[in-house]
Amino acid sequence: MNENQNPAAIEMRDVSVGAMRDTSFTVVEDANWTVAPGEFWVIAGQQHSGKSDFLMLTAGLMSPVKGSCQLFGRDTRTFGEAELAERLRVGLVFAGGQLFNHLTIRENVALPLQYHRNLSAGGAAPEVQTLLELMELTPLADITPANVSGNWLQRAALARALALKPELLLLDNPLGRLDARHRQWWLRFLDRLWRGHEWLGGKPVTLVATTDDLSRLAGWRDEARRFALLKDKRFTALGSWSRVEASNDPVVKELLAVPLAATM
């Protein structure tokens, strides 16, 4: 099968990324990156290193300041209504969830199905209920986000992102605001998605997640996943976990350090 028949999930060439709040300010320069279908990448970086901006551009929500970014072989700069089907192959979980506060958890999860599949609330209900059960959100389904803890809001955001069964799932610091129990649930669940969850008929999902704490990734420390670093406006592919542990970069060492609270 040639490259045109099986394009990369993500292909960046000499990409420079502007800040979401001020696109004239460049946060990443000259990034080159290829993500093959079925890969699992973790992008590490300190806070304010540009991880969120980088992920928004990867999702096609921003255009590069320079260079090109392709999703499944389609340039994101040309994304419009005609490319909607390509865009819907990508799911995005924002940091903190970013749910609509005037809607219940159930209504938030139903939005993609109603908007993009033109389903009524009743028509979307079976799939929404399945997702709520999968995320253990059924007891909170009819409550608005303001009355739900951040741990569960993040799961609701994941359910919403999965509603259209994306082939590529991007997650902005999904473990950052979670307590230990919820963090372990995410580590296990995302691993199942990557390997092929039964809810998706066993089809693997390509995953990209950002983090500012490599010390909390127990369970993802194997040679199958790929890691990268954002530092000083540069995107650097580190490779497997063993390459991360062997790195002499001071930022990598800092992100690997066990948090002080965990040692007390």
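The values are calculated or read from the model by the stated rules, or taken from the named source; none is laboratory data. The model shown is predicted, which means the values in this text are computed figures rather than measured ones. Cβ: placed from backbone, ideal geometry, glycine included. Neighbour counts: every protein chain shown. Quick note on the areas: whole protein, heavy atoms, side chains included, nothing else; ligands and nucleic acids left out. Shrake-Rupley method; radii C 1.70, N 1.55, O 1.52, S 1.80 Å.
Shape annotation for segment 97-209: C-alpha extents along the principal axes are 32, 30, 21 Å, from largest to smallest. In segment 133-264, the inverse of the mean reciprocal separation of distinct Cα atoms equals 16.4 Å; this is its Kirkwood hydrodynamic radius.
Any chance you could run the full-extension gain for Arg77 through Asn248? It's 0.36 nm times the residue separation minus the Cα-Cα distance, nm to one decimal. Please report the intermediate quantities before stating the final value.
On the way: separation 171, 0.36 × 171 = 61.56 nm, distance 3.66 nm.
Stretched out fully, the Arg77 to Asn248 stretch lengthens by 57.9 nm.
Rounded to 0.05, the FRET efficiency of the Asn147 and Asp179 pair, given R0 = 22 Å and the Cβ-Cβ distance, is 0.75.
For segment 1-65 versus segment 104-132, the inter-centroid distance based on Cα atoms is 29 Å. Ligands, DNA and RNA are left out, and with a 1.4 angstrom probe the accessible area of the chain is 48 Å² per residue.
Using helices alone, I'd like the mean residue ellipticity at 222 nm for the chain: each DSSP H run of four-plus residues gives -39500 (n - 2.57), total over residue count, nearest 500.
The helix-only estimate for the chain comes to -9000 deg cm²/dmol at 222 nm.
Nearest 5 is fine: what % of DSSP beta bridges in the chain come out antiparallel, could you say? In the chain, DSSP labels about 50 percent of beta bridges as antiparallel. Spacing of the modelled spin labels on Gln47 and Leu88, each 7 Å from Cα toward Cβ, amounts to 3.8 nm.
Please report, as a whole percent, how much of the solvent-accessible surface of the chain comes from carbon and sulfur atoms (probe radius 1.4 Å).
Details: 6160 of 12610 Å².
Result for the chain: 49 percent of the exposed heavy-atom area is carbon or sulfur.
Size descriptors for the chain (Cα atoms only): Rg and Dmax, in that order, 18.3, 55 Å. Computed packing ranks the peptides 149-156, 177-184 as 149-156, 177-184, most packed first, by mean other Cβ atoms within 10 Å.
Listed by chain and number, the lysines placed with their C-alpha closer than 19 angstrom to that of Lys231 are Lys51, Lys66, Lys253; residues fewer than eight positions away on the same chain are left out. Between Glu223 and Lys165, the modelled labels are 3.4 nm apart [label points 7 Å from Cα along Cα→Cβ].
Which length gain, in nm to one decimal place, applies between Leu103 and Asn6 when the Cα-Cα distance is subtracted from 0.36 nm times their residue separation? Don't skip to the end; give the middle numbers.
Working: separation 97, 0.36 × 97 = 34.92 nm, distance 3.92 nm.
Roughly 31.0 nm would be gained on extension.
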